[in-house]
Amino acid sequence: MKGRSTISITLPILVSLLLFLFANVETCSASKKNPNTTKFIKASCSCTTYPKLCIKSLSIYSNKIKTNYTTLTYMALSVSLKKAEKTSKTVTKIARSRDIKPSDAMAIKDCVENIGDSIDELRDSLNEMKNLNQTDFDFKLSNIKTWVSAALTDDDTCMEGLGEEDVKGDARIVIRKNVVKTAQLTSNALAIVNGLKYTPERSHH
């Protein structure tokens, strides 16, 4: 999608989020040693901003994840992408509704573009995960972190654009509910990505 520009995010929120994520990297990484799948997922999710949502969204993939941190990371990104795609369809449908005022439609259209950028960035991160190996591992992991961070910023920008003065009523409530859930899943995925380290036994996706 065109127009991927660097968009500002509320500084206190961003600083707090980053401090939380980096403060919990070791906790997340240490969970790889847990032999039990359920405990493994719970321990891995303990480093995230929304642990309950993390556990709920990833537990259904426990048979695939087992105790492989790389697979868990991949699934966390996949879950975030699926939600972003679903949110994009919902917001697009609302934007095309005849009940939407022209002024509201403009703000919603901007939100659709932001979510579209977020989808592109999450897809890029998943493609890079497929190529993640010892060769240029740090470089590729850095790319993944950058894309997921950008996706989270795009979600935040969409929500900021849906302020009280821009979009009112049920449309705003439905859009924000979906975008907030997308942002929470993306935030969790970023926290898990931050705990990823190279291991020889890397699974293929």
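The values are calculated or read from the model by the stated rules, or taken from the named source; none is laboratory data. Since this is a predicted model, take the numbers as computed values, not measurements. Cβ placement follows ideal geometry from the backbone for every residue including glycine, while neighbour counts extend to all protein chains displayed. Side chains are part of the model used for accessible areas, which takes the heavy atoms of the whole protein and leaves out ligands, DNA and RNA. Shrake-Rupley method; radii C 1.70, N 1.55, O 1.52, S 1.80 Å.
Data table
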{"quantity": "Matching residues, the stretch 95-111, being under 17 Å from ALA150 (Cα atoms) and surrounded by 20 or more Cβ atoms within 10 Å (Cβ to Cβ)", "calculated": "CYS111"}
{"quantity": "Residue within the stretch 126-133 that is part of a helix (DSSP H, G or I), within 19 Å of TYR198 (Cα to Cα) and free of Cβ contacts under 8 Å to residues at least 40 places away in the same chain present", "calculated": "yes"}
{"quantity": "Filtered residues of the stretch 114-141 (kept if crowded, with 20+ Cβ neighbours inside 10 Å and among the charged types (D, E, K, R))", "calculated": "ASP117, GLU121"}
{"quantity": "Residue count for the stretch 123-180, restricted to those that are farther than 21 Å from VAL91 by Cβ, among the β-branched types (Val, Ile, Thr) and modelled with pLDDT of 95 or more", "calculated": "2"}
{"quantity": "Candidate set: the stretch 38-70, residues that are part of a loop (DSSP other than H, G, I, E, B) and over 15 Å from the mean Cα position of the chain (by Cα); chosen: the one surrounded by the fewest Cβ atoms within 10 Å (Cβ to Cβ)", "calculated": "ILE60"}
{"quantity": "Residue match in the stretch 161-173 (condition: under 15 Å from GLU113 (Cα atoms) and open to solvent by less than 40 Å² (accessible area, probe 1.4 Å))", "calculated": "yes"}
{"quantity": "Failed item in (1) under 21 Å from TYR74 (Cβ atoms); (2) open to solvent by 60 Å² or more (accessible area, probe 1.4 Å), with ALA151 passing the rest", "calculated": "(2)"}
{"quantity": "Residue satisfying all of: in the stretch 71-94; modelled with pLDDT under 95 and surrounded by 19 or more Cβ atoms within 10 Å (Cβ to Cβ); farthest from the chain's Cα centre (by Cα) among these", "calculated": "ILE94"}
{"quantity": "Near pairs, Cβ below 7 angstrom, 6+ apart or cross-chain, from the stretch 35-46 (under 17 Å from THR70 (Cβ atoms)) to any residue that is among the charged types (D, E, K, R)", "calculated": "THR37/LYS66"}
